[in-house]
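The values are calculated or read from the model by the stated rules, or taken from the named source; none is laboratory data. Keep in mind the model is a prediction, meaning the values are calculated, not measured. Note that we place each Cβ from the backbone using ideal geometry, even for glycine, and neighbour counts take in every protein chain shown. The protein model used for the area step is the full one, side chains on, heavy atoms only, and it has no ligands, DNA or RNA in it. Shrake-Rupley method; radii C 1.70, N 1.55, O 1.52, S 1.80 Å.
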Amino acid sequence: MLNQDSLSQLKGLKTKMEAEKEHAEAVIKGTQARYGFAVLDDGREIFIPPDEMLKAFPDDRVRVCIRPTKDNKTIADIERLIDSPLGDFTGRCVRKGKAIFVEPDLSQLSRWLFIPPHARNGVKEGDYVRCAILRHPIRDGKPQAKILGVVGDESTPGIENLYSMAKHRLSVEWGAASRKELEKQLAECKPLETERRRDLKDLEFISIDAAKTQDIDDALYAQIADDGWTLFVAIADPTSYIPGDSELHRDVAARGTSVYFHGDVLPMLPEELSQETCALSEGADRPALVCKISIKDNGEVADYEFMEATVRSRAKLSYYAVDKYLTGQNEELMMHASPLEALYQVYRALRAHRQEHHLVMEDRQEYRWIMGDDKQIDHIEPFEKMLSQRLVEECMIATNRCAARFLNERNASGPYVTHPGFRSDRLDETRKFLDMHAPQAAQQDPKTVEGYRSIIRALSQPEQELPLRTMVNRLLTRAELTVKPAPHMGMALEHYTNCTSPLRKYVDFLVHLQIKAALHDDEAKIVDDQLLKDLSSRIASARAATLEAERWLASKHLARMSAQREGMSFKARVTHVNSSGFTVRLDDNGLSGFVDLRKDPEKFSYDKWTASLTSTTRRFQLDRPVELRFIGVDRDNQYQASFELVEGCGLKPPKEEKKTAAE
């Protein structure tokens, strides 16, 4: 029996241990391994051992006990669940013995979740599914899931698209309320009868688009003027049919963009609007927002005017047919010679002016996927951008520039498309890069449009030994949506936005609402930061979904090609380099993938200043050719294709190898 002194010592030890503990709320941060971290409100991250991680999911908010271990390390024990935001998710069903589990497709959750028999909903091994949590593991570390629906399996045509839609929560169907409102608007809305619309049906508008396109956003007309040309760009006007405070509008906003998969499309607008009532179809009278632009002989965009109008497209022409006409290979479009010739002159002037005064993105080799009936890649064809496509592109850019000027002059709250250029946190690194590789541009101010333009032009000179223009990409920001006007550095423009695709993009739809509000002498202030933040998130989800589906399809295509010929290799070029390896683009079909050098027997050193990876015997550098073999797919990285190097690839020249050894 313990005496009083021993009891007192034990009590003191217990008090000391309790004093060393800390209780706090935290958010669970998962990893690809079994352990995790508790992220406290003050920013600290406390290690959670594997056994404790069994009791929670990533992003759970929990109460933890922070305590020291015997070896003086600090860990967190999970005491209580406060909130679990994990809703429905996607994954793949797997079997272990007689038990069925779902392997969640979540970046921070690598454990299988048991599906009890009553919650399987007819699922079988290998099915891709939508799930929800049936039982949280907080009590005993044994979670359970239930099946909400089966997306399909590997044999389902288009499973890549269908699963990506489900994973990224893209809307497929329209709600009943939106459908009801749509029917009412189609029956009652008469936008052509409003007095404010100008009658421009006499102008010979034509649309130029892909042959199969039905959601025709724009039509063009140009005529010669005394000091240049007058360009009319008619843009479809869906805002006339969709009330601002309606469920239909909220559904459109929630989609944010039309999403184009290979073989499938999720339209932003109901097809009754995008392909019928609002589309600028041949021979049909349509409401439109028209931009009338005066273009000088030198290609400068001068005066402009936006107006609500009624237009009638004279013809729906394909890119291919117009390209044949413009290059003198076909005269079938002679009946449209007047507008086409004027548009071609407008294109040449606009393009030349942009090349001289702004920045024009260089064209790169493009590829067209030819899909089979099974919605898999049958083959891939290279193609070049056509002259007709460049013509339309220049007209759209000119219109977008005018829209940005209009919003700015009317003090509208955006949306503007801005591009800050060089990252503000990497300006010192930018200056060092220029000092090393382009000293003639090092004195330019990268924060101004003029300075940025000069720097990019200097880096783009063809006589450079290194691909400097591509190398500098890691120092640049991405384009942003903003409520305040700011330069678009990537195009070397003071202001820019998008307004020419309101049937497909909600940004353009919003610009139309703002322009029309100003035309009606109302305040153009319907856009705010939160709206654009939410919209950017939805656009990012759509991009992630299409990227994942494309990578999945591409990996299957590469696997089939490799299976048909044992040891098949692919010639490629390095498109991006980091400390782990490099990304490649295949020469023959444009497909991309990653070469992971972390497990290579040789140790590679990464040099960010030359965008290269170097070992004792080999060297890999941006834009250099390599030869590879396909080895599989990285399912944890959006189905990215994985490659390995062919033996002998990247070997240094003998002199360089000896020099390195001597050093």
Part-to-part distance (alpha-carbon centres) for segment 346-393 and segment 451-472, which is given in Å: 22 Å
Nitroxide proxy distance, nm - points 7 Å out along Cα→Cβ at R410 and R44: 5.5 nm
Size descriptor, Kirkwood hydrodynamic radius, that averages inverse alpha-carbon separations across segment 345-419, Å: 15.5 Å
Net length gained if the chain between M371 and L547 were fully extended (0.36 nm per residue, minus Cα distance): 61.7 nm
Solution diffusion estimate, µm²/s, Stokes-Einstein, segment 113-164, Kirkwood Rh from C-alpha pairs, 4 °C, viscosity 1.567 mPa s: 108 µm²/s
Cα-projected label distance for S171 with E22, points at 7 Å along beta-carbon direction, nm: 4.5 nm
Label zone at R431 (point 7 Å along Cα-to-Cβ), backbone N below 20 Å, segment 461-491: 472-477
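Starting from the Cα gyration tensor of segment 21-90, take the square roots of the eigenvalues, sort them a ≥ b ≥ c, and report rounded, prolate or oblate (rounded when a/c is under 1.5, otherwise prolate if a/b is larger than b/c, else oblate).
Values: a/c = 2.05, a/b = 1.50, b/c = 1.37.
Prolate.
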Segment 382-464 pair-distance distribution - Cα-Cα, 10 Å bins, rounded %: 14, 28, 29, 27, 2
Residues of segment 22-57 with amide N under 13 Å of the 7 Å Cα→Cβ point at T74: 22-24, 38-48
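Rounded if a/c is under 1.5, else prolate if a/b beats b/c, else oblate: with a ≥ b ≥ c from the C-alpha gyration tensor eigenvalues square-rooted, which is segment 526-569? Intermediate values should be presented prior to the final figure.
Numbers: a/c = 8.93, a/b = 6.31, b/c = 1.41.
Note, shape of segment 526-569 comes out prolate.
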Rounded to the nearest 10 Å², the accessible area of K180 at probe 1.4 Å: 150 Å²
Share of Cα-Cα pairs in segment 517-652 lying beyond 20 Å, as whole percent: 56 percent
Alpha-carbon gyration tensor eigenvalues x 5, square-rooted, for segment 148-267, Å: 37, 22, 11
Hits among lysines - C-alpha to C-alpha of K652 under 21 Å, sequence gap 8 or more where chains match: K571, K599, K603, K608
Residue-wise HN-Hα coupling along segment 59-69, computed from phi with Karplus coefficients 6.51, -1.76, 1.60 (Hz; x: Gly, Pro): 6, 4, 9, 9, 9, 10, 10, 9, 9, x, 9
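In nm², what is the average projected area of the convex hull enclosing the Cα atoms of segment 48-173?
Working: hull surface 38.3 nm².
Averaged projected hull area, Cα only: 9.6 nm².
Suppose the chain between Y260 and K603 were pulled fully straight at 0.36 nm per residue; how much longer would it get relative to their current alpha carbon spacing?
Working: separation 343, 0.36 × 343 = 123.48 nm, distance 4.15 nm.
Extra length from Y260 to K603 when fully extended: 119.3 nm.
At a Förster radius of 60 Å, what calculated FRET efficiency corresponds to the Cβ-Cβ distance of M334 and S569, to the nearest 0.05?
Numbers: r = 50 Å, r/R0 = 0.83.
That pair, M334 with S569, gives E of 0.75.
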Eligible lysines near K525 by straight Cα distance, threshold 20 Å, same-chain separation 8 or greater: K484, K505, K516, K533
Kirkwood-Stokes translational diffusion coefficient of segment 265-318, alpha-carbon pairs, 4 °C, 1.567 mPa s, µm²/s: 96 µm²/s
Three principal axis lengths of segment 64-120 [C-alpha, angstrom, descending]: 44, 27, 23
Whole-angstrom gap from segment 505-571 to segment 102-136, using each part's C-alpha centre: 28 Å
Kirkwood hydrodynamic radius of segment 332-484, from inverse mean 1/r over distinct Cα pairs, in Å: 19.0 Å
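So if each residue of separation counts as 0.36 nm, and I subtract the Cα-Cα distance between A187 and V94, what length gain in nm does that give?
Working: separation 93, 0.36 × 93 = 33.48 nm, distance 5.04 nm.
Here the segment from A187 to V94 would lengthen by 28.4 nm.
Using helices alone, what [θ] at 222 nm do you get for the chain, with -39,500 (n - 2.57) per DSSP H run of 4 or more residues, divided over all residues and rounded to the nearest 500? Could you put the intermediate results ahead of the total?
On the way: 14 runs with 189 residues, N = 663.
Calculated at 222 nm, the ellipticity per residue is -9000 deg cm²/dmol.
Going by average Cβ density within 10 Å per residue, which order do the peptides 185-193, 464-472 take, highest to lowest? All intermediate terms of the calculation are to be shown ahead of the outcome.
Working: 185-193: 12.7, 464-472: 17.0.
Listed from highest to lowest mean packing, they are 464-472, 185-193.
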Principal axis dimensions, largest first and in whole angstrom, of segment 174-238 by Cα: 53, 34, 15
Spatial extent of segment 270-392: Rg and Dmax, with the Cα atoms as the point set, Å: 17.9, 52
Expected-Rg normalisation [2.2 N^0.38 Å, Cα atoms] applied to segment 205-298: 1.29
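Over all directions, what mean area does the Cα convex hull of segment 421-574 project, stated in square nanometres?
Working: hull surface 54.8 nm².
Dividing the Cα hull surface by four gives the mean projection, 13.7 nm².
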